[in-house]
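First the structure, in the form of structure tokens, and then the observations on it.
Throughout, read-outs are computed from the coordinates displayed, never taken from laboratory work. Every value quoted in this text rests on a predicted model; they were computed, and no experiment measured them. Here the Cβ is made from the backbone with ideal geometry for all residues, glycine too, and neighbour counts use every protein chain on show.
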Amino acid sequence: VENERQLLSTAHAVKKAGATILRGGAFKPRTSPYEFQGLGQKGLKLLAKARRETGLAIITELLSEQHVELVAEYADIIQIGARNAQNFQLLIAAARTGKPILLKRGPSMRIEEWLLAGEYVLSNNNANLMFCERGIRTFETYTRNTLDLSAIPILKAESHCPMIIDPSQGAGRADLVASLCKGAVAMGADGLLVEVHPKPSEAWSDGVQQLTLEGFAQLMEELKPFIAAAGRE
Ligand code: PEP
Ligand code: MN
């Protein structure tokens, strides 16, 4: 979330293209403390405005226990990011809000560790857990991370929770997003989390992996036969 124009134009465009949930970061976990850290509560208010205007549900990241009440006040779904995936006290605090939780996989997390992190949500009286694969750190450098699509059938076998794929963080390259989405749908993913920006080259964060509004609409069209072949709606 950068500003009202950027967020609202994105929200309206993705809604029109068929998205059901809007993910935007108000508290951003950045590798460098000198990069854009998010707008905080101002960003949450913009997300609430986007929800009012479009009807899209809102998902946003909870970075710290310090913000749990604030984030829960605005979010329909709470994202726990890769860097906090094993921050167990944060997971417990997020679970106790009663909001659905999207738990990203940590960059070096084994599937067993991820499942157990998920248990911190489930065992704290919150059954509304989604897992989100976003790529793991390997020796490969052509991609930002290595998107582990094999996690889809494994999670499907080991857990009843929905499995979401984030190909944007997974590859770190906009040109790979469509292929990875198609593969994810074919392998049984329950949802896709795709980064979109009206002008990716001007984005304050992760511009190289973001689709344009037009690119997102085209992706949604291209996915239709794959979704039908997977027997999904
Ligand atoms: C993000 O979703 O924009 C993000 C920071 O993701 P991750 O926690 O997977 O790095
Ligand atoms: Mn991002």
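Things worth noting here:
- Its Cα gyration tensor gives the range 42-89 an equivalent ellipsoid, and the semi-axes of that ellipsoid, as √(5λ) in whole Å with the largest first, are 22, 11, 8.
- FRET efficiency for the Ser201 to Asn125 pair, using the beta carbon distance and R₀ = 45 Å, is estimated at 0.50.
- Longest to shortest principal axis, alpha-carbon extents of the range 85-200, angstrom: 40, 32, 26
- Dipole magnitude of the chain, debye to nearest 20 (Cβ charges: Lys/Arg +1, Asp/Glu -1, about Cα centre): 320
- Entries of Lys15/Lys45; Lys45/Lys99; Lys28/Lys156 with Cα pairs more than 22 Å apart: Lys28/Lys156
- Convex hull of alpha carbon positions in the range 1-67: directionally averaged projected area 4.7 nm².
- Highest average packing first - 184-196, 135-147, Cβ atoms within 10 Å: 184-196, 135-147
- Along the axis of the charge dipole computed for the range 1-54 (Cβ charges of +1 for Lys and Arg, -1 for Asp and Glu, origin at the Cα centre), the listed residues Leu8, Pro33, Thr20 are led at the positive end by Thr20.
- Neighbourhood charge, 15 Å Cβ-Cβ cut-off, centred on Ile154 and excluding it, Lys, Arg +1 and Asp, Glu -1: -3
- Modelled FRET efficiency - R0 22 Å, Arg83 with Glu35, Cβ distances, 0.05 increments: 0.95
- DSSP bridge analysis restricted to the chain gives an antiparallel fraction near 5%, rounded to the nearest 5.
- Here, the chain has an Rg and a Dmax of 16.5, 46 Å when only alpha carbons are counted.
- Candidate cross-link partners of Lys16 among the lysines, defined by an alpha-carbon separation under 21 Å and a same-chain spacing of 8 or more, comprise Lys49, Lys182, Lys199, Lys224.
- In loop segments of the range 31-134 as defined by DSSP, the chymotrypsin sites (Phe, Trp or Tyr not before Pro) with at most 16 further C-beta atoms inside 10 Å of their C-beta are Tyr34, Phe36.
- 11 Å beta-carbon shell around Ala203, net charge (K/R +1, D/E -1): -3
- Nearest-0.05 FRET efficiency for His12 and Glu233, computed from C-beta distance (R0 25 Å): 0.65
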